[in-house]
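Chemist: Could you have a look at this structure, given as structure tokens, before my questions?
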Amino acid sequence: MAIPVMKPLLGEEEALAVAEAVRSGWVAQGPRVAKFEEAFAARVGAAHGVAVSSCTTALHLCLHLLGVRAGDEVVVPSLSFIATANAVRYCGATPVFADVDPLTGNLTAATVAAALTPATKAVMVVHQGGVPADIPAIRAIAGDVPVVEDAACAAGSTLNGAPVGTGALLAAWSFHPRKLLTTGEGGMVTTDDPEWAKRLRRLREHGMSMSAADRHAAGGAVVESYVETAFNYRMTDIQAAMGLVQLTRLDGIIEQRRALAARYHELLTPLGLRAVIDPAHGTTNYQSFWVALPEGAPALTEVLGKLAEAGVSARRGIMAAHLEPAYEGHPHPALPGTEELATRSLILPLHHELTDADQKHVVGALADALGLVAK
Ligand SMILES: *Cc1c(COP(=O)(O)O)cnc(C)c1O
């Protein structure tokens, strides 16, 4: 049995909460979604939460809300899960790839500045792998251009002493099982702006003037209208029931992941290997624990192959959209920081059942694959 790279932490409490939602007879978006929105937004320091079907749809709604359309440019990192760039294309706009700092995996004020043009309609900043990006510096450079935060990975990470999401114009979150909190599939937009929250609720639900839950509460005599062309991006109450339980686990999950990451650092430092760390301005939830391959190391696929043979399920580092066939021919500047991380780093197993023996085995297998000896 290989050591898996990630395992969602799911208990009997989640199973019971889901069963309760099913038994209640209300399975689509309803009271549990409303409760989950409130609890999650409070946890990340935002006034409003609007639950949706995924982070991908959350990102799309944010850009749609901002009026992004054909002819517009949106600055994004290429170094991200492909949904970040795709959300821009959903609006008919052009993703403009900016480079990342290879020490953090994140956009910086300098790389964003280099990508801004008069056509820039928004900047989408990713807190990559849970590492908080320096949002105040990027917002200062972006000026009047709105900054959307792709916080898919960053639940519980901190920025300048507050949870990531605090003070965000718009932040998009994911509850896919690869992330720290899961609802199977699911996402959320958080914001402090009540008008934006109201419009986002309408946009996720066909542009309806009132939600199905509101109509139900008002009794039978109310007829809704459809005030704009919108989407069905709703979360179900079954998912939200699970999310409410998951949220109670978040602090414990982060504490354990940070302890496991600290142990990895202890094991990797004597080998001279560089791995992801907290940036100066915040703390990561270590959603992804990546290690940079040293100069002269074999190709990434070879290293991954050797790890697999040793029973370690590692992954290539965070992907780069501009290197994928879907973005072939898409113009972009030189992206050295992005390419370094995408092609010369790998993600090590990190989950709640990882033992100290597992961690030693993982690092031992990596040392073997790279021909390194501890100093
Ligand atoms: C996972 C992820 C997404 C997509 O999230 P889904 O909920 O699966 O749609 C978007 N952006 C980043 C940075 C991610 O890591």
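Chemist: Which ³J(HN,Hα) values in Hz, rounded to whole numbers, follow from the phi angles of region 153-160 under the Karplus curve 6.51 cos²θ - 1.76 cosθ + 1.60, where θ = phi - 60° and Gly and Pro get x?
Modeler: Along region 153-160, the couplings run 9, 10, 4, x, 6, 10, 9, 6 Hz.
Chemist: For THR120, enumerate residues with amide H under 5 Å from its amide H, sequence gap 5+ or separate chain, H modeled in the peptide plane.
Modeler: For THR120, the qualifying residues are GLU73.
Chemist: What is the distance, in nm, between label points placed 7 Å from the Cα along the Cα-to-Cβ direction at PHE231 and at VAL27?
Modeler: For the pair PHE231/VAL27, the computed spacing is 2.4 nm.
Chemist: Quick one: what are the phi-derived ³J(HN,Hα) couplings along region 258-265, Karplus 6.51/-1.76/1.60 with θ = phi - 60°, whole Hz, x for glycine and proline?
Modeler: Running phi through 6.51 cos²θ - 1.76 cosθ + 1.60 with θ = phi - 60° gives 5, 5, 5, 5, 4, 5, 4, 4 Hz.
Chemist: Which percent of Cα-Cα pairs in region 269-347 sits in each 5 Å bin, short to long?
Modeler: Calculated P(r), rounded to whole percents: 3, 13, 19, 23, 19, 14, 7, 2, 0.
Chemist: Starting from the amide H of GLY187, placed 1.01 Å from N in the peptide plane, find each other amide H under 5 Å away whose residue is 5 or more places distant or on another chain.
Modeler: VAL52, SER53, SER54, PHE175
Chemist: Mind checking which aspartates and glutamates have their C-alpha under 12 Å from LYS179, skipping anything on the same chain fewer than 8 residues away?
Modeler: Leaving aside aspartates and glutamates fewer than 8 places away in the same chain, none come within reach of LYS179.
Chemist: Sort the following peptides by mean Cβ neighbour count (other Cβ atoms within 10 Å, averaged over residues), highest first: 228-234, 155-161.
Modeler: For the peptides 228-234, 155-161, the packing ranking is 155-161, 228-234.
Chemist: Rounded to the nearest 500, what is the chain's calculated 222 nm mean residue ellipticity when only DSSP H runs of at least 4 contribute -39500 (n - 2.57) each, over all residues?
Modeler: That calculation yields -11500 deg cm²/dmol at 222 nm.
Chemist: Of the listed pairs LYS7/LYS375; LYS7/LYS35; LYS35/LYS198, which have alpha-carbon separations greater than 28 Å here?
Modeler: LYS7/LYS375
Chemist: Tell me, what ³J(HN,Hα) does each residue in region 189-200 have, in order and in whole Hz, if you take phi through Karplus 6.51 cos²θ - 1.76 cosθ + 1.60 with θ = phi - 60° and put x for Gly and Pro?
Modeler: Computed from phi, the couplings for region 189-200 are 10, 10, 7, 9, 8, x, 5, 4, 4, 4, 5, 4 Hz.
Chemist: Let me ask something additional. Measure nothing fancy, just the Cα-based angle from helix 31-43's long axis to the longest principal axis of the chain, in degrees from 0 to 90, nearest 10.
Modeler: That helix lies at roughly 50 degrees to the long axis.
Chemist: Most exposed first by the Cβ proxy, i.e. fewest other Cβ within 10 Å, how do ILE254, ILE3 rank?
Modeler: In increasing order of surrounding Cβ atoms, one gets ILE254, ILE3.
Chemist: Let me ask something else. Can you list the residues, at least 5 places off or on another chain, whose amide H is less than 5 Å from the amide H of VAL96, using H built in the peptide plane?
Modeler: VAL74, VAL75, VAL76
The numbers here are math on the coordinates, done by the rules we state, and not lab data. Predicted model, so just to flag it, every value in this text is computed and none were measured. Heads up, the Cβs are rebuilt from the backbone with ideal geometry, glycines too, and the neighbour counts pull from every protein chain shown.
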